[in-house]
Amino acid sequence: MEIFQPDLIDQRDKQEKTPLFLAVENDHMACVEYLLDKGADTGIGNKDRETALHKACEQENADVVELLLTHGAGVNRACCRGWTPVHEAVGRNNVEICGMLLKAGANLSQRNSYGITPFFLAAQTGGQEVLTFLMNDGADVNFQMVDGATALFEASKNGHGGVVKLLLAHKADANKPTKTLLLPLHAAAQHGHLEVVNMLLPVTSEERIRESGISPLHLAAQYNEDEILEVLLQAGYDANAPLSPDHSCMYQDRRTTALYFAVANANLDAAEMLLEAGANPNQDTFNPLLVAVRQGNIQMVRLLAEHGADVNARMPNCQLAFPAAVLLCVRYPAMLKLLLDHGCDARACFQCQCASNSHPPAKGLCKDDLGLQKEEPCMQFCEMISAPSVCGWTGPIIDLLLDYVGHVKLCSRLRQLLDSHQDWVGVKDRTRNPPSLRQLCRQQIRQEAGLQRLPLLRTLPLPRRLIRYLHYDE
């Protein structure tokens, strides 16, 4: 004998699930049929406001979906996340259930709590079949979300190559920008989706890229996507394209070039690619060479110097009477020698305003925060090297610098520093005698060549021994 209690048919458990919801959740078709025949309410949701129809779509049970729709289940009911049953079906790329829901009146324009429509969700999740179904049903391929993102942008960001190809075939516009002016190509480059980048390159407007204020090269370099960087350079993207002021001001160092990103990431391969493509190593306010010196990245410093980076670059808002690179590598003689070999001005380190006269109390070192610190009076080399944190390097550093200058006189402070250490007496003695003719000749030749032509000395048809002599390689 059947015992039926109508007042219990829609009873809820602690999760606010009804018997109908539980029957659908556990795939008990006979129970679902029985409960519906007895008048179970299809519109009651659980604590997340998900109905039995949501659950059936989630589980991709087409028979249950059909049964629920036959009994009047609401196709546009939204859960607490704003998802409708059609969102559930689209998210699982289930064309059959989508068709059933659309016939029952599902609204394709309904958005979830994040403003995402079913069509946008299909692109986001890579559902090619359901995307085709929705486009055939009239979905707008160029519909933009609140933030300006299109389905093509989202598919590009997530690397869904098949979806990107499908959308482009249906006339999706690759040049519709987001509210931040980014294009699908930007998204693909940032996330390293090479296949998508190759599809978008022929259909992306260079003018729109310029209007965006940021090149895909910047994003590829920033996120160490070397393959993408190579493809973009081969496609002709400008290695010197600057960030717009709006983008540049987002960084404390006011960087503007893709090369700066590569150097800041210590990405030697990316930096080399950009330099070989013609990147100017002296375009940024804070020279990338100084970034590499500060990192102690001698390979990067060598690469930049060989491509014409200014070894005498100044540090913005930090007034120094000598090259800023010397300040940054005073504890690293090998780095300093490399810079001196490439023309770093050693003589400036000995041009003290006080000379033999007594010096005022030494100032502290400029704080190294990428050169954006408070402006201070011009600091002399002798002031810097006498700071307690670096004065222990005075002898070796001056000894090295003397190899790259002619006759110089030490100021009273430098002499004092050298006198303070018994092992440095020989360094001081070097300045009492004139440099050798060998050294003076080398200095004169290098001076006549000039900074820009120093690297070319190696290409001259001269004996190898002479080339080594000119480059301190003896």
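Bear in mind these aren't lab numbers, they're just calculated from the coordinates by the rules spelled out. The model shown is predicted, which means the values in this text are computed figures rather than measured ones. All Cβ positions, glycine included, derive from the backbone under ideal geometry; neighbour counts span all protein chains shown.
A few notes on this one:
- When the charge dipole of the chain is built from unit charges on Cβ atoms (+1 for Lys and Arg, -1 for Asp and Glu) and taken about the Cα centre, the candidate among G126, C80, P202 whose Cα reaches farthest toward its positive end is P202.
- Ordering of 73-79, 25-31 by packing is 73-79, 25-31, highest average first (other Cβ atoms within 10 Å, averaged per residue).
- Once both labels are positioned 7 Å from their Cα atoms along Cα-to-Cβ, the gap between R81 and D429 label points is 8.0 nm.
- Peptides 111-120, 454-463 ranked from most to least packed give 111-120, 454-463, packing being the mean of other C-beta atoms within 10 angstrom over each peptide's residues.
- Take each peptide in 429-441, 173-185, 194-206, count the other Cβ atoms within 10 Å of every residue, and average; sorted highest first, the result is 173-185, 194-206, 429-441.
- Look at the Cα gyration tensor of the stretch 1-111: its axes a ≥ b ≥ c give a/c of at least 1.5 with a/b over b/c, and that counts as prolate.
- Per-residue Cβ neighbour rank within 10 angstrom, fewest leading, Y260, Y251: Y251, Y260
- Pairwise Cα distances in the chain exceed 27 Å for 68 percent of all pairs.
- Arranged from fewest to most other beta-carbon atoms within 10 Å of their beta carbon, W83, W424 become W424, W83.
- Whole-Å distance, taken between Cα centres, linking the stretch 297-334 and the stretch 56-117: 62 Å
- In this simple spin-label approximation, S113 and D147 carry label points 7 Å from Cα along the Cα→Cβ vector, and these lie 1.6 nm apart.
- Ignoring lysines fewer than eight residues from K428 along the same chain, the ones with Cα atoms less than 25 angstrom from its Cα are K337, K363, K409.
- Exposure proxy ranking for F153, F381, F350, based on other Cβ atoms within 10 angstrom of each Cβ and starting from the fewest, stands as F350, F381, F153.
- Tensor-based shape of the stretch 210-307 (alpha-carbon gyration tensor, a/c under 1.5 rounded, otherwise prolate or oblate): oblate
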